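See below for the structure under consideration.
No value in this document is a laboratory result; all are computed from the given coordinates. The model shown is predicted, which means the values in this text are computed figures rather than measured ones. As a convention, Cβ positions derive from the backbone with ideal geometry for all residues, glycine included, and neighbour counts pool all protein chains shown.
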Amino acid sequence: MTTAALRPLERSRLYEDVGQRLGEFVRESRMEPGDQFPAERDLARQLQVSRTSVRQSFVVLQALGFVDVRHGEGVFLRRTRGFGESLGKLLERRRRLPDVLEAREALEAKLAELAAGRWRDHDLEAMKTAVDVMQSEIADGGLGIEGDAAFHHAIALAARNEILVHMIDAMADVIQESRIESLSEPGRPPRSLEAHRKILAAIEARSAELAGEAMRQHLRVVADISLLRWQPETPEDADVRQ
C-alpha cells in the first residue's frame, strides 16, 4: 500500500522523521490496534531511507507503547493515541509528567481520605455511577476515560475542601493528559477499574486510612507508563551507530 504518508523523506534526521511519517500512515490508512505494518523493506523503499532507520524507529515506538515488534511475524499497531507526535512534544510531555503525577498523588490521596469521612449519599451515588460508566466504556472497547475522570472528580467534591478542589481543578488539563497516557497502556483500563472499586469500597466504609492508601497505590500504577520508561537517544548514541 502506498499513501501520501509514505512518500520519500526529503532528508533523514534519525528515527523521529520516520516515526512521524509512520504516524501519518496510521491515520491515513485508518489502522486499528492489532493491524500489521508493511514489511520493513517496503517501508524503507517507499520512504527512501535505510532499513536500519526504519528498525530504529520501531524500537522507539515499541518502547513508547505504540507498536508490538514480533520477531518472525512483523510489527503490529498497539495504540493510536499520540502516535506520530514530534519528538519535541513527546520529550516535553515526558519532562512534565513526573511532576504532574507526584502532585496527583499528594492531592488525590488526601482528597480520598477526606471524602471517606465527609461523603453524603449523592456523593457516593456519583462515584458508583462513574464506576459503572467506566465499566461500560471498557466493555464497548474504549479506554474508560470519561468514567475515570468522573470518578476522581466525584471524590474531590465529596472531600468538601474548596481550596483542594480549586487546586485539582487548576490541574485538569495536565491530569487529563496523564490519564490518557496511562489508560492507553495495554491492559490498563480494567486494572484501573478494579482500583476504583477498591477506593470506592474504602470510602464507603468511611476508612480514611484505607481510602488514602488505595488511592496512592492506584496512582503509582497510573505513573507506570511507557513514555517515562523510555530513555531518549542522545547525540552520543547516534554517533556510535554511524
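See the values below:
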quantity	calculated
FRET efficiency estimate (nearest 0.05) - Cβ-Cβ, D224 to L164, R0 25 angstrom	0.50
Whether the stretch 91-227 is rounded, prolate or oblate, judged on the alpha carbon gyration tensor where a/c under 1.5 counts as rounded	oblate
Cβ-derived FRET efficiency at R0 22 Å, D173 paired with H122, nearest 0.05	0.25
Lys/Arg +1, Asp/Glu -1 at C-beta; the chain dipole; positive extreme among G142, T129, S53	S53
Modelled FRET efficiency - R0 25 Å, K198 with D140, Cβ distances, 0.05 increments	0.60
MRE, 222 nm, helices only [DSSP H, n ≥ 4, -39500 (n - 2.57), over the chain, to nearest 500]	-22000 deg cm²/dmol
Selected from P38, A202, I225, residue furthest toward positive end of dipole (the chain; charges at beta carbon)	P38
GNM top mover of S184, S29, S192 - the chain, alpha-carbon springs below 10 Å	S29
Charge-dipole axis of the stretch 75-115 as Lys and Arg at +1 and Asp and Glu at -1 on Cβ define it, positive-most pick from A109, L77, L91	L77
Prolate/oblate/rounded label for the stretch 4-85 (Cα gyration tensor, a/c 1.5)	rounded
Nearest-20 debye value, the chain charge dipole, Cβ charges on Lys, Arg, Asp, Glu	520 debye
Cβ-placed point charges (K, R +1; D, E -1), dipole of the stretch 91-227 about Cα centre in debye, nearest 20	300 debye
Among E181, E209, E92: highest mean-square fluctuation, GNM of the chain, C-alpha pairs under 10 Å	E92
Rg(Cα)/(2.2 N^0.38 Å) for the chain, N = residue count	1.18
